[in-house]
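Note sheet for the following structure.
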Amino acid sequence: FLEMGGHSLNAARLSALINRTFNISLSAVQLLKAGSTIGKIARSVMEFWSTNNSKAKEIAPKLSSVSEKPSGNVFVNPESLKEDEAIIAKVRQDAILPKNIFTGGVVGEVVSLKQAKTALLTGATGYLGVHVLCELLERYPLLTVKCLVRSSENDKDALLAKVRANMQRYQLDTIDNSRIQVIRGDLSKPKLGMDNTQWNDAKTSIDAIIHCGATVSLTASYQDLRSTNVDGTLEIIRLASSTGGTAPRTPLVYVSSNGIFPTDTDEVFYENDDIDCLPTRLGAADGYGLTKWVAERLVSQAHAQGLPTLMIRFGNIGWHSKTGHGNTWDYQGLMIRGCALLSSRPHGWEELEMSPVDFCAKALVALGGSNDLLQQGSIFNCVQKSTTSVKAVFAWLGGNTIISFQEWKAKLEEAAMDSNDSDASELLTGLLAFASGLDGEGYLSKMARLSCDKFDAALATIEPALLDRYRS
């Protein structure tokens, strides 16, 4: 399915069409599993359908005749305990920093974002990344920011246009962008997709790195996300540590996620907690959480070898506190807009957790300006201090009906398939892609519980007004 161009949106629509046609319950996740072939999908349909449908015998020969082409050297998404264990073993193996990363030498003084003249930023065409870009430009008027931009074009004007278009999308285009430079690259490629000349120039010209870029997916496997989220972080570390000698190594500010923590517990996770046990607790199916865990481990080991680092684990990143602009494809935003359109919401969805994107960007850039925090290899949690009531949100929106998760999902599938409005169809299909990855209402009612004590204390020292405004 994936090799034929399948992705989360068309998987959602296809699963909805199959479910409507055969009156079964096939999830988009099953279509998105690495190694899912047409034959395997057909057999899954038969297994569901034949139990309660007398016509199954008539169509069974046609479905069973679907040929199975060898999928080649494809990582098979686990369905057995043995395969789950193999994935976790691979995750732990990937979390070991290669010995050839560091060139040796004495580490000089730490340069923070505040002293840097040129910084490399990944993720500038994303939601958080573009706000970080604008905060860097506003806070540090002498700083030049080089943005790594993935594109099929190598024209610098076209690359810069992508970044500026993203700024305009969120009403950030009033900020002076004359100090933005662009590099065509790709996190999933060796040397970040740069040629040797660009790579060598980056090694000598970049004073700091802010790594916001990642592929976010609730349905993709570890192997599908590995090249961007794990290998990309490894290449970032390689670039940051390549100075060697007595020159200061390039400080790395890394954006992590609360997704590294399990949600099926009331346990509170602290910033200094040992996270070694988390892959087993997350499970092999949590591809995104596992890749972010591996990336964290790599950054921590790089710090242990002398690289100045700072990591922040953000929760859900919400709307801008002043402009109201938000991430169109954030699952909480999808849920609110979709449920308003359907005039109903699923039982069990009780609370929202999100921090304003402008606060997240300001906090990241402010903390990254501290030499001491970088030298210490600081790790922070940043989630909303008190969650927001879903009931209160929909009361403000005019209210809607609460129905069971399965009823709501069926209603969503029907609306997504039948909508003639392109905007509504895009919204509902996006929400369906998310909902298809859920077994039930459990996901909606669970979230990782994180302590942010260290984060609050650091921000109180460096930027007390920011802390008072957003966290009091």
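The values are calculated or read from the model by the stated rules, or taken from the named source; none is laboratory data. Values in this document were obtained by computation on a predicted structure and should not be read as measured data. Backbone-built Cβ (ideal geometry, glycine too); neighbour counts: all protein chains shown.
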By my count, helices (runs of 4 or more DSSP H) wholly in the range 373-472 with at least 2 residues that are at pLDDT below 95 and farther than 30 Å from residue 268 by Cβ are 405-418, 422-435
Residues of the range 242-274 being of a type outside the set (Gly, Ala, Ser) and modelled with pLDDT under 85, in sequence order, are 243, 246, 248, 249, 264
Do the conditions hold for residue 383, that is, is it within 18 Å of residue 333 (Cα to Cα) and either under 24 Å from the mean Cα position of the chain (by Cα) or of a type in the set (Gly, Ala, Ser) (or both)?
yes
Pairing a residue in the range 117-130 that is assigned by TED's automatic domain parsing to the domain that holds residue 214 and part of a strand (DSSP E or B) with any residue that is of a type in the set (Asp, Glu) and crowded, with 21+ Cβ neighbours inside 10 Å, where Cβ atoms lie under 9 Å and the two sit 6 or more apart in sequence or on different chains, gives none
Practice task
State whether one or more residues within the range 243-254 are touching a Gly at 6+ places or on another chain (Cβ under 6 Å) and either among the polar types (S, T, N, Q) or without any contact (Cβ under 8 Å) to a residue 12 or more places away in the chain (or both).
Solution key: yes
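For every residue, the table says whether it meets (1) closer than 18 Å to residue 294 by Cβ; (2) of a type in the set (A, V, I, L, M); (3) in contact with a helix residue (DSSP H, G or I) (Cβ under 7 Å, 6 or more places away or on another chain).
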residue	(1), (2), (3)
201	no, no, no
206	no, yes, no
263	no, no, no
279	yes, no, yes
Checking 365, 294, 357, 390 in turn, the sole residue that is of a type in the set (Val, Ile, Thr), over 24 Å from residue 234 (Cα atoms) and in contact with a helix residue (DSSP H, G or I) (Cβ under 7 Å, 6 or more places away or on another chain) turns out to be 357
Being of a type in the set (Gly, Ala, Ser) and surrounded by fewer than 16 Cβ atoms within 10 Å (Cβ to Cβ) is the requirement here; does residue 284 meet it? no
Within the range 303-360, restricting to residues that are assigned to a strand (DSSP E or B) and among the hydrophobic types (A, V, I, L, M, F, W, C), the one that is surrounded by the most Cβ atoms within 10 Å (Cβ to Cβ) is 310
